[in-house]
Structures are given as C-alpha cells and as structure tokens.
1. Send over the semi-axes of the stretch 64-109's equivalent ellipsoid, whole angstrom and largest first, taken as the square roots of 5 times the C-alpha gyration tensor eigenvalues.
2. Let a ≥ b ≥ c be the square roots of the eigenvalues of the Cα gyration tensor of the stretch 126-230; is it rounded (a/c under 1.5), or, if not, prolate (a/b larger than b/c) or oblate?
3. Give, in whole angstrom and from largest to smallest, the semi-axes √(5λ) of the equivalent ellipsoid of the stretch 288-347, with λ running over the eigenvalues of the Cα gyration tensor.
4. Rounded to the nearest Å, what's the spacing between the alpha carbon centres of the stretch 26-49 and the stretch 307-347? Just the number, please.
5. Give me the extension gain from Ser47 to Ser311: residue separation times 0.36 nm, minus the current Cα-Cα distance, reported in nm with one decimal.
6. Counting C-alpha atoms alone, how compact is the stretch 28-184: give Rg to one decimal and Dmax as a whole number, in angstrom.
7. What value, in deg cm²/dmol to 500, does the helix sum -39500 (n - 2.57) over DSSP H runs of n ≥ 4 give at 222 nm once divided by the residues of the chain?
8. With every protein chain present, what is the per residue accessible area of the stretch 68-117 (1.4 Å probe, Å²)?
Amino acid sequence: MGSTQKWNRQLLEGCVSSNGKPYSIELKKGSINKLHVNFMGGGASWSEETARKPMTIQGILMKKEGFYIPHVSPMMAKLGQIGLLSAKDKRNPFHNWHVLNIPYSTADFHIGANDFHYKDDSGKEKVLHHSGAKNVAAALEVLKNFFVGTPDILVISGVSAGAFGCLAHAPAIKKIYPNCENIVMYTEGAHIRSPIWPEVINEVWKSDSDLVAYTESKDLIFDLFRYARDNMPTSTRFLHSVSVWDEALVQFMSKMNHGKTEISEQTLQEFHITLIEVVKKLKAEIANYSYYLTDYGKKKDGTTPHIFSGSPKMLYGKMQDGVALADWISQGFVKSPEDVGVGFVKH
C-alpha cells in the first residue's frame, strides 16, 4: 500500500455519493500493529427542503443555506488530511498507525439505505442516494484485506455526522477482529435532540432494522451509544468530545425543531441544556464513558467551534482545564481518561 506517510484513494465499485458520483475511501499503511478506522462528517438531509440544499463552494461563498456534502472530490479529501488524519505530523497520536478513512457524502450519518426522491427548485425530479450503509459495508470488505490479523489496539472514531456513524458500525468492525481486546471509540461533535429522529431513521434513511429498534428517542447520539455498548465488548472505552455551544449543531438543531437555521439565546440554551442532560445520562449508563467538554473559542454570538480534530491549534492546545485533546485521546489508548470540563456538568 506504499509509504506510511502517504494516503491512497480507492474507488469502491458499485458505491455512490448522494449525487450519484463514484464513491472512494482512503487508506494509509502504518509501521506498527495498530489500527484506526475513522468516519468523516459533513451535514445531513432529512426532508425535501434539505435535499434541495447541498453544500457547494459557490453556495458557501454566497452564504447560501446548505445541509450536506454531496460528493468528496480528491482535492477535498486532501484538504481533510490534517490533525488526527495527518500522515506526517508526529504529534498526531495516529501518525504511524494503519488507517482507514471513510469519507462522508450520503447525508445519512453513514447508515442510510434509500434512494430519496425529491424535486429541485425548478421542479425537476431528482434522487438523493442515502447509500451510507452500503458504502461502509464495501469499505469494511476492503479493510479485511488491508489489515489482516489482530491489532494491538483498535480505535474507531468519527467526527460530526461520522460520530453517529462510527457508533452504528462499530459492531461490524469488531466482527472483523474478534480477538482484539483493546478497543476505543472516539466520537467528536455529536449531539442533536429532535423528536423527528425516529421518523428520519426509519422512513427517510431506511436504516437497518436493528438500528431502528434502538433509535426511538429524541436523543439519537444516546441511542447509538447504547447500541454500541450492547454490541461491543464490555472493556470498550467510549470517549466523547463536544463543544458546549457548538455553532453548527445549534443551527442544525434549530432547523430540525423550529424550521429555521438560527442562532439565538433560545437555540443556544436548548442545545447547551440538552447536551449536558445527555452527557449526564451517558455517564450514568455507559461503562468506561469519558467526556471532554469545552467552550474554547467562544465568539461574540455565543457559539463555539464545531470540530477540533482537524485543527492542530485546537487539537494540541490546552483548550480546557489545562488538558490538550490529543493527550486526552492518547490516554484513552491505555485506560478511560479523566473527564474534562466537569464544571459544565455540575452547573
């Protein structure tokens, strides 16, 4: 597979992005017997309105509303190879590991299995391919041949939408390495409470029936943590990092629950309060669960950054309570790290 400092792109035959374009994954050979499987994020679609509004470069420049990445080009993939996906930065806890990176372009948290039909703004019939489940299954078939044997440690991670996806697919990854006893889940930037989740999972994305059975509440991230807990070894360590006034998640939650993308005192508080409630529930119900909460980078409008692991400044800086996120994640390779940002939970 080439150099340990080089990413290799592999096309998955028969797999497509939401817009029908071919879908690819990324692989990087390591020099030690450790494996990292990562799920990328990039929005979601749950209705005809959101399906009509993909994120595009032109749309971003014009500040148009956009809800999901419709396709990951080679250039986009390369731009994402920073922070925890950097092959050359030796500060990266995974820099010399074997890595499978699963890009995200299906608007379904990597768990959909439905061709969603809708009409665009001009009334033309279109299809959004929620094919996340098929794409991941094909990626895991590649993984079987890419990393053969039992890793000394297996880390399954996901950022934003990928955080939901990594929890959903962790049991399938574990089946490939049944003898691996050192497993860590790392989820970043994931929390949206909404009463429409069960309908989205079942009717729009048409996810696997096992997932549908678990995702019956307003708190999808909590349900997926439970799903992973019940289908993974009891020794599995669960790490969860979230920005407590997360700008992107506040806006998505506002759109899902109130019909408009808005940052206001109300939407900020709704996000923050429900996040803390979920973290408390996870702490009470998930063994080996640790959290890293921070308000680092808070802006004048009250929001905080969405994702840390793609920013060396945030990843290696001591964002909260004198602890760097990269160091906290590394501690998780050995044992459950101490919770960071406890003050937010105690208030």
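The values are calculated or read from the model by the stated rules, or taken from the named source; none is laboratory data. The shown structure was predicted, so the numbers you read here are calculated from the model rather than taken from an experiment. Reconstructed Cβ throughout: ideal geometry from the backbone, glycine too, with neighbour counts over all protein chains shown. The protein model used for the area step is the full one, side chains on, heavy atoms only, and it has no ligands, DNA or RNA in it. Shrake-Rupley method; radii C 1.70, N 1.55, O 1.52, S 1.80 Å.
1. On the way: eigenvalues 126, 26, 18 Å².
Ellipsoid semi-axes (Å, largest first): 25, 11, 9.
2. Prolate, since a/c reaches 1.5 and a/b exceeds b/c.
3. One finds semi-axes of 20, 15, 9 Å for the stretch 288-347.
4. 21 Å
5. 91.9 nm
6. Cα radius of gyration and Dmax of the stretch 28-184 are 17.1, 54 Å respectively.
7. Result for the chain, helices only: -9500 deg cm²/dmol.
8. That works out to 39 Å² for each residue.
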